[in-house]
Amino acid sequence: LPEIALTTQIISRLKKRFGNQIGVYHSKFNQNERIEIWQRVLNNEYRIILGARSSLFLPFNDLGLIVIDEEHEKTFKQSDPAPRFHARDSAIILAHYYQESEIQEVADYIGDSLGLSQKAAETDADLIVFAGVHFMAETAKMLSPNKKVVLPDLKAGCSLADSCPPALFAKFKEKYPNHVVVSYINCTAELKTLTDICCTSTNAVQIIESIPKDQPIIFAPDKNLGAYLIKKTGRDMVLWNGACMVHEIFSLEKITKLQSRHPNAKLIAHPECEAKILEIADYIGSTSGLLKYTKENPATEFIVVTEAGIIHQMQKSSPEKTFIPAPPDNNCACNECPHMRLNTMEKLYLCMKYELPEIILSDYVIEKGKASIERMMEVSLKAGLI
Ligand code: 13P
Ligand code: SF4
């Protein structure tokens, strides 16, 4: 069904015509109630969902969608209680800021790589549903090895992690025997076993500065973040030649054109971007850093040079401000990570229902790789970042 503006009469006619096949989706619904709706959709009990635009999403392609306005939503009640979705009481959904907005809406915690690692380490839940990419779920498993960690789509990888195959890196490392290895957390669990200390974009400067000045460093896998850190800390580091396919393709030309159309907009960028973009940025930071900046800065317009998913939280925190996604060097107007976006609401639902696919790591990888993340957590704690 197309979106239609509904009057009370149309709603009552629809109810008469479709009876129990109509589900009502309220913006006030908690997670269990939302899951209950999906359960009914999956069981083919509901063919049509009524809901206000602000709360509606459509995870199932063959479902009718009717958008009602907020006033009409108030007049609806969820009739006859549906069977509860028997999710474990102790499951937690962790979502990265680059997930689609619907997933962010149902998550228990939304954060950047550091925040998500911290949550994964401290949660009491015995099932961690990780709405992010593979290396993030692996990190959660390393930090909480006794918990079950599931990822909605196992193919949700990361070009940056893939750009540093552990076997090649081990050979590279042999050439620099006295070096300490700092790896950006966006790397495989196996690479973490070859790493002395991990970092994220939130704590990278503090991690580098925690290493004695006369100690040479290899930084992997992101050459752009590495170059930014060299500039910021004044430390000379050996860089692995990896990059993120999303942050690497922002178009300087299109961004400068955008700036001339929005002269008062602040340009904010993630440090995974190339130096030519970072040079013109008003602020450089991790996803949580960028979000914080948009909340605290009095500017009302921002050009956001990172994955467009973060704009959902920016818009929610500052509804009066305008956020313009920076365009990449292709035909798209904004830049979405194809790996992150493999996770969908439907896959998330199925993953919670069947507790699959699960992240499995060998004891060796967990023990050896975990040390590099734990060291990172210690420095972050001392620096007051967590
Ligand atoms: P942060 O959320 O830690 O800034 O990381 C960005 C990123 O690219 C994750 O894949
Ligand atoms: Fe990896 Fe880049 Fe996607 Fe982040 S945005 S998951 S670094 S490919």
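The values are calculated or read from the model by the stated rules, or taken from the named source; none is laboratory data. Since the structure is predicted, the reported quantities are computational estimates derived from the model, not experimental observations. A quick note on method: Cβ atoms are made from the backbone with ideal geometry, for glycine too, and the neighbour counts reach across all protein chains shown. Please note that ligands, DNA and RNA were not included when accessible areas were found on the heavy atoms of the full protein model with its side chains. Shrake-Rupley method; radii C 1.70, N 1.55, O 1.52, S 1.80 Å.
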Could you size up the charge dipole of region 239-386 around its Cα centre, putting +1 on the beta carbon of Lys and Arg and -1 on that of Asp and Glu, and report it in debye to the nearest 20?
360 debye
Dipole axis of the chain (+1 Lys, Arg; -1 Asp, Glu on Cβ), positive-most option in THR306, GLY115, THR344
THR344
Give the distance, in whole Å, between the Cα centre of region 166-200 and the Cα centre of region 211-266.
19 Å
Under 16 Å from the Cα of LYS155 - lysines, other chains or at least 8 residues apart
LYS347
Given a 1.4 Å probe and heavy atoms of the protein chains only, how would you sort ARG47, ARG40, ARG17, ARG341, largest accessible area at the top?
ARG17, ARG47, ARG341, ARG40
Multiplying the sequence separation of LYS321 and GLU174 by 0.36 nm and subtracting their Cα-Cα distance, what value in nm do you get?
47.9 nm
Per residue, how much accessible surface does the chain expose to a 1.4 Å probe? Answer in Å², no decimals.
46 Å²
To make sure I understand the rule: partners must be lysines, Cα under 23 Å from the Cα of LYS257, and not fewer than 8 residues away in the same chain. Which ones qualify?
LYS266, LYS276, LYS321
Please get the size of the charge dipole for region 225-270, origin at its Cα centre, with Cβ charges of +1 on Lys and Arg and -1 on Asp and Glu, quoted in debye to the nearest 20.
240 debye
Please list LYS276, LYS148, LYS321, LYS16 from largest to smallest accessible area, probe radius 1.4 Å, with all protein chains kept in place.
LYS16, LYS276, LYS148, LYS321
Just to confirm my numbers, what's the Cα centroid distance between region 102-119 and region 139-163 in Å?
14 Å
Placing +1 on the Cβ of each Lys and Arg and -1 on the Cβ of each Asp and Glu in the chain, which of ALA269, SER318, MET136 has its Cα farthest towards the positive end of the resulting dipole?
SER318
Per DSSP H run of at least 4 residues, take -39500 (n - 2.57); add these up for the chain, divide by its residues and hand me the 222 nm value, nearest 500 deg cm²/dmol.
-11000 deg cm²/dmol
Where the accessible area of the chain is counted over protein heavy atoms with a 1.4 Å probe, how much of it, in %, is carbon and sulfur?
51 percent
Given H placed 1.01 Å from N in the peptide plane, which residues other than close sequence neighbours of ILE217 have an amide H under 5 Å from its amide H?
VAL180, VAL238
For the chain, what is the charge dipole size about the Cα centre, in debye to the nearest 20, if Lys and Arg each add +1 at the Cβ and Asp and Glu each add -1 at the Cβ?
360 debye
Loop-located GluC sites (Glu not before Pro) in region 340-386, at most 16 other Cβ atoms within 10 Å (DSSP):
GLU355
